[in-house]
Structure formats: C-alpha cells, structure tokens
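Notes follow the structure.
Every number in this text was worked out from the coordinates using simple rules, so none of it is lab data. Since this is a predicted model, take the numbers as computed values, not measurements. With ideal geometry, Cβ positions are generated from the backbone for all residues, glycine too; neighbour counts draw on all protein chains shown.
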Amino acid sequence: MQNVKHDYRYIEIQLEDKIARISLNRPERHNALILEMIEELDQALDEISGRNDLLFMVFSGNGRSFCAGADLNWFYGSDENNQEENATRYKHLADLLLKLHQLPLITIACARGNVFGGGIGLMAACDFVLAEANTRFMFSEVKLGLLPATILPFVAKRLSVQNLRKWILTGSLFYATEAQQAGLVDALYEDDQLEKTLSEFMNSFDSGAPSAVKRAKNMINQVTSGSIDVNDTALTAVILAEALSSPDGQEGIQAFLEKRKPNYSLIPNPSPKEKGAGATNSENLNI
C-alpha cells in the first residue's frame with residue numbers, strides 16, 4: 001500500500017493495487033465535516049480521478065463513525081457573513097458531492113457508527129454503500145431549523161419519496177437494516193467482517209472489462225440525470241460503436257468467439273465525445 005504525494009490533515013489516502021482508499025480523519029469529532037476537510041476531499045478526488053490504474057475508491061471514516069454530519073461550528077462561524085457569502089461557503093459541500101457522484105471510479109462507502117446529515121449525503125453520492133449492522137442514521141437538519149438542501153438531490157436517487165418524508169421531516173433515528181430495506185444501503189457487514197465483505201463485493205466486478213465498467217457508470221449517470229434520453233438514438237449508437245472498437249471491446253468479443261477468458265486491462269477513462277462525460281469534476285451538534 002502506498003501513500004499519494006500530498007499530505008493531508010483531515011483525511012488519509014492510500015493506494016493499493018487498483019483501489020484508492022480515502023478515510024475521513026477527525027475521529028475525535030466523529031469525522032464531522034468542516035471546510036478544510038471538504039477542500040482536502042475535493043483535492044484528493046482530483047488526484048485520483050485521472051488515474052487509469054485505479055478502478056475502485058473505498059470511502060470510510062477513522063474512529064467510531066463514518067461521518068456524523070457537518071460540524072456546527074462551521075455554521076456558527078458563518079454568522080458574521082451575509083447570505084450570499086454563506087451560500088458560497090456551503091456550495092463547497094454541494095460541489096464535492098457532485099464530484100464524488102461523477103467520479104470515474106467505482107465508489108464504495110463503508111459506513112459505521114453515527115451517519116447523520118451531511119454524512120448521509122457523502123454516502124449517498126457513492127455508487128454503493130456497505131454498512132456495519134449497528135450503524136445509526138439520522139437526517140438531523142430539521143431539528144436545528146435547517147434543511148438538507150445540498151444532500152437531498154443525491155439522497156433522493158436512493159430513497160422513495162415516502163421514505164424521504166418519513167426520515168427528513170421527522171428527523172427520526174433509523175438503523176442499518178431499515179436503511180438497507182429502503183435502498184440507502186446495499187449490503188450489511190458485522191463489525192469484524194468489513195474487509196471480507198468489501199473484498200467479496202469488489203470481486204463481483206472481476207468478470208467485466210474495467211473500461212466498460214467505467215463507461216457504463218458514466219452512461220448510467222447521464223441517463224438518470226436526463227442528459228441522455230430515448231430520443232438520443234444516434235448518440236447511443238455511437239457510444240456502442242466506440243465501445244465495440246475499443247481494445248477491451250475487441251478483446252471481449254474475440255475471447256467469446258474463441259471460448260476463452262478475456263484478458264482485460266485498465267484503459268483510459270470515458271471518451272469526452274460521450275455526451276456529458278463525467279466531470280472529474282459530539283454527534284448531537286452535527287448535521
């Protein structure tokens with residue numbers, strides 16, 4: 001396992017084979033979000049987004065919790081600013097969530113402990129979520145007279161409208177089993193089984209070409225955001241033709257015809273020709 005070139009104070013990042021591991025590192029505050037941590041995460045995502053040797057980004061938190069939301073000191077400290085200045089501050093988190101959502105790698109959040117407010121947003125912006133069986137979740141914003149404005153577009157991609165109403169409007173606590181049933185969590189693990197569960201989960205991608213997996217993620221994001229719809233027949237035909245003529249597309253077809261296992265390798269990220277290519281671009285006191 002190797003460290004990347006930058007030294008960070010509030011996060012840790014390590015590279016291991018085809019995996020980038022990013023860990024929030026404010027354990028004494030349950031990894032509550034502050035502006036400096038958000039800026040470090042933004043820089044780290046830029047650092048790994050263009051690396052063709054990576055396929056996965058595993059996102060976790062040091063200590064007892066993944067992320068108990070935004071540190072209210074960050075919000076209190078903005079009292080001296082006007083509304084426009086505050087909106088600029090909070091846009092840092094919204095932009096980070098978008099960058100995480102669009103990251104070319106397959107992103108897997110590993111949740112445990114308390115995952116409140118903004119922590120749920122970070123988790124929901126990832127492609128997949130593994131959660132320790134006793135993880136606790138809460139949209140705590142309304143209890144503080146606030147709204148989950150920056151995280152809601154990402155959470156709404158995972159939860160039904162009725163679950164959004166139930167958990168956001170009440171601010172009630174809910175647990176990992178219920179979160180999994182509702183679609184907020186993809187798989188549960190016991191407290192000493194994270195690495196085993198994570199390894200098995202990542203192994204399920206082994207049969208696909210890494211380049212195809214990355215491009216498929218990009219296209220899923222475009223379709224679900226409305227950037228590509230049923231009328232874009234010429235575009236989808238071009239995207240398929242480009243995939244077929246790519247090195248991994250040629251290898252996959254040839255291997256099938258020869259009845260052998262394909263020999264795939266990591267190749268460059270989705271072509272910019274593809275429309276809308278992804279931009280690489282105390283717990284009670286957090287939201």
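At a Förster radius of 45 Å, what calculated FRET efficiency corresponds to the Cβ-Cβ distance of residue 204 and residue 143, to the nearest 0.05?
The formula returns an efficiency of 0.75 here.
Which pairs in the list 166/196; 91/143; 157/259; 91/214 are over 31 Å apart, alpha-carbon to alpha-carbon?
Flagged as over cut-off: 166/196; 157/259.
Of the listed values (i) 21.7; (ii) 14.9; (iii) 16.5, identify the label whose number matches mean projected area of the Cα convex hull in nm² calculated from this model.
(iii)
Taking the highest mean first, how do the peptides 144-151, 112-119 order by number of other beta carbon atoms within 10 angstrom per residue?
Highest-to-lowest ranking by the protection proxy: 112-119, 144-151.
Which one, 82, 155, 241, is farthest towards the positive end of the dipole of the chain when Lys and Arg carry +1 and Asp and Glu -1 on their Cβ?
241
Suppose every K and R has +1 on its Cβ and every D and E has -1 on its Cβ; what is the size of the dipole of the range 2-205 about the Cα centre, in Debye to the nearest 20?
580 debye
Given all pairs of different Cα atoms, what value in angstroms does the Kirkwood hydrodynamic radius of the range 144-232 take?
16.2 Å
Report the residues of the range 186-209 in range of a label on residue 251: point 7 Å along Cα→C-beta, backbone N strictly under 17 Å from it.
205-209
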